[in-house]
Amino acid sequence: MDDFSKGGSELEQALRELRIINRVFAAARPTLRGVRGLWMELGQPTRLTILDIGAGSGDINRLLLQWASKQQIAMEIILVDLSTEACAEARAYYAGEPRVSVRVGDLFELPDSCADIVTASQFLHHFPTAHLGPIIQKMLRAARMGVVINDIHRHFVAWFTIWTVTRLFSRNQYIRHDAPLSIAKGFRGAELASLQSITGLENLRYYWQPLFRYLAVVRKEPEDEKQ
C-alpha cells in the first residue's frame, strides 16, 4: 500500500481484499519460480530461510510453503513490514503455522546475511527509480544466496483491468486508489535492464511473467560476500 495514514479497519480490510486479488491474478507464481530457480542452482539445499520484505499479510508465501512441503525442504519464512496493521494481519493469517514469523521492521535495519533468500513482492514499485539500486544492493547484503523480486508490469491493459475490477467488487478506498496506482508505478523491461549497470547487480536477470508481472533474480556470487 502507498499510504498508511488511515490505518485501522480500512487497511485491514484492504489487506484481506488484496489476498483475493493476488489469488485471482496468480501473483505468487513469479516468487515461487524465482526461489525454486535459485534453490536448483545452489544444489537443492534441504533447508531454506526466506525473508520477505514489505510483506503485507504475506499471502504470497503460502505457495512457497506448499512447494517446500512437497520437496521436503525445512523452510522458515520471516515476514517484515513497517506497518503494524500489516504485521497483525500476517500473524492472524498464519496463526498455527510454525514455519512463519512476523516482524515490524525496515529493510535498511536488517543485518547482513540474515536469510538465505530475500524476496520482495509488489514492493519496489513504491520507490523512485534512483532508489532501486541501493535497495536491491541492501537486499543482496541481507541474503546469503540471492534476491527474488516479483513486481508489476506497467501496462494500460493491466491498469484498466484492475481499475475495473476494483470498482466492480470493492468499496475499500485503499484498494480502489492503490491498486491502479501500483500498476501506474510498475516497471518496463528497459527499466529493469538499466539496473544491470549498477555495481553488484550485473548478473540481475529478469523475466516477463503471465498476467503482467516481472520476475527479477540476483544470485549472490562468492565475491559478493566479500564486499
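The values are calculated or read from the model by the stated rules, or taken from the named source; none is laboratory data. Note that the structure is a prediction, hence the values are computed from the model and not measured. FYI the Cβ positions are ideal-geometry reconstructions off the backbone, even for glycines, and counts take in every protein chain you see.
Couple of notes before you dig in:
- Residue 15 being crowded, with 19+ Cβ neighbours inside 10 Å, at pLDDT 95 or above and under 18 Å from the mean Cα position of the chain (by Cα): no
- Cβ-Cβ distances below 6 Å connect the following pairs, each with a first residue in region 174-203 that is more than 17 Å from residue 25 (Cβ to Cβ) and among the polar types (S, T, N, Q), a second residue that is in a loop (DSSP other than H, G, I, E, B) and modelled with pLDDT of 90 or more, and a separation of six or more residues or different chains: 196/202; 196/204.
- The sole residue among 175, 183 that is in a helix (DSSP H, G or I), at pLDDT 85 or above, of a type outside the set (Ser, Thr, Tyr) and touching a helix residue (DSSP H, G or I) at 6+ places or on another chain (Cβ under 6 Å) is 183.
- Tabulated pairs, region 117-140, first under 26 Å from residue 59 (Cβ atoms), second surrounded by fewer than 16 Cβ atoms within 10 Å (Cβ to Cβ) and of a type in the set (Phe, Trp, Tyr), C-beta under 8 angstrom, 6+ apart or interchain: 135/127; 138/108
- Condition broken by residue 73, with the remaining ones in (1) among the β-branched types (Val, Ile, Thr); (2) under 20 Å from residue 18 (Cβ atoms); (3) crowded, with 16+ Cβ neighbours inside 10 Å satisfied: (2)
- Hits in region 95-124 - residues which are closer than 16 Å to residue 54 by Cα and buried (at least 19 other Cβ atoms within 10 Å of the Cβ): 100, 102, 110, 115, 117, 118, 119, 120, 121, 122, 123, 124
- Filtering region 46-59 to residues that are surrounded by fewer than 24 Cβ atoms within 10 Å (Cβ to Cβ) and within 20 Å of residue 205 (Cβ to Cβ) leaves only 48.
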